[in-house]
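Each reported figure results from applying straightforward, stated rules to the coordinates on display, with no laboratory input. Owing to the predicted nature of the structure, the values given are computational and were not obtained by experimental measurement. In this analysis, Cβ positions are derived from the backbone assuming ideal geometry, glycine residues included, and neighbour counts consider all displayed protein chains.
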């Protein structure tokens with residue numbers, strides 16, 4: 001590593017850390033403000049709010065690291081331009097590609113760091129966030145359980161609709177009322193089980209006075225069975241018992257899953273003969289979002305250089321606008337990819353904006369050179 005590389009990387013460290021901290025604090029404040037009425041209405045204690053903020057923090061850090069890279073690169077280049085250091089470097093015969101190379105390498109390293117942070121730290125934090133939400137839900141005495149709760153087993157073999165749920169204090173057991181379970185994994189035809197009352201405990205469902213309908217020949221034939229007790233095994237995740245629903249940015253059911261877990265789920269789906277396009281979309285985004293750090297390290301330096309002539313911080317402000325444009329494109333791609341996977345494949349939805357913005361950055365760099 002040459003002296004120039006060390007110098008540029010040192011210049012980038014402080015803006016990167018300040019940008020990361022500022023964006024995370026801003027989003028944390030937004031989350032708390034947007035959910036203030038929920039905290040007050042349900043009487044969530046201050047310790048509970050602090051736990052929610054603490055365990056949700058790694059998810060926000062993982063999400064906003066590309067923004068921090070964009071701010072770090074833009075502020076570094078603006079500072080060099082303000083002190084005419086880039087002019088001196090170019091006068092010494094150093095090309096723009098060589099000047100910006102350490103920033104791009106830093107973007108690549110941060111991309112890997114963001115990926116591994118999301119692989120190991122975020123699932124652990126999300127798991128504890130869900131445990132916290134479940135604990136808070138159980139401790140709110142006046143809270144009425146949600147009606148018409150619909151859930152699905154992780155292996156997609158069972159779907160269940162619950163009319164009402166009554167949690168038993170101090171345990172993971174619950175009394176269930178008006179239960180309807182559809183079993184999709186026992187054969188080509190579904191099996192429908194209904195019971196007025198049931199009990200759930202540690203992954204085991206006990207249906208009392210169950211009415212079981214077994215269909216065949218595309219529903220033409222029906223076999224009816226009455227069972228005093230019918231036992232079914234499928235676990236529920238912690239967030240099944242979360243009756244408090246918070247408004248969280250870009251949070252989904254797959255947020256707590258690692259890239260490795262999604263890979264395993266997709267492999268199991270392939271063995272069963274059908275792959276959920278939504279799982280593939282989430283799998284692609286687990287890669288594309290961290291590597292947007294590299295994309296911003298490519299596009300922001302020439303972007304800041306190009307517009308710095310209009311003012312010292314014009315390039316920085318335009319880079320911030322660029323970040324918002326990128327995230328809006330990402331959100332639009334994710335929504336369209338979820339709704340129309342047959343027309344907008346998961347790879348295009350996840351990587352399209354990365355390829356587009358990286359191409360623009362390379363073109364700008366060549367133009368400025």
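Listing for the model above:
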item: Cα gyration tensor, the range 1-100 - rounded (a/c under 1.5), prolate or oblate; result: prolate
item: Gap separating the Cα centres of the range 72-134 and the range 9-26, nearest whole Å; result: 9 Å
item: Rounded if a/c under 1.5, otherwise prolate or oblate - the chain, Cα gyration tensor axes; result: prolate
item: Linear extension gain, residue 218 paired with residue 246, 0.36 nm per residue minus alpha-carbon span; result: 6.0 nm
item: Per-pair calculated FRET efficiency, R0 = 30 Å: residue 270 and residue 124 via Cβ, rounded to 0.05; result: 0.65
item: The range 295-361, relative contact order [Cα under 8 Å, separation at least 6], %; result: 43 percent
item: Computed FRET value (nearest 0.05) for residue 7 with residue 211, which takes r as the C-beta separation and R₀ as 51 Å; result: 0.10
item: Estimated FRET transfer efficiency when R0 is 51 angstrom, pair residue 112-residue 228 (beta carbons, to 0.05); result: 0.35
item: Projected label distance in nm at residue 253 and residue 339, using a 7 Å step from Cα toward the beta-carbon; result: 2.0 nm
item: Linear extension gain, residue 54 paired with residue 168, 0.36 nm per residue minus alpha-carbon span; result: 38.2 nm
item: Nitroxide proxy distance, nm - points 7 Å out along Cα→Cβ at residue 150 and residue 18; result: 5.0 nm
item: GNM flexibility winner over the chain from 73, 293, 180 (Cα, springs under 10 Å); result: 180
item: Crossing angle, helix 96-138 versus the chain [Cα axis fit, 0-90 degrees, rounded to tens]; result: 30 degrees
item: GNM flexibility winner over the chain from 343, 158, 208 (Cα, springs under 10 Å); result: 343
item: Added length on full extension, which subtracts the Cα-Cα distance from 0.36 nm per residue, residue 88 to residue 30; result: 16.6 nm
item: Neighbour-count ranking [beta-carbon atoms within 10 angstrom, fewest first] of 266, 126; result: 266, 126
item: Ranked list, fewest to most other Cβ atoms within 10 Å of each Cβ, for 263, 64; result: 263, 64
item: Residue order, fewest to most beta carbons within 10 Å, for 178, 114, 37; result: 37, 178, 114
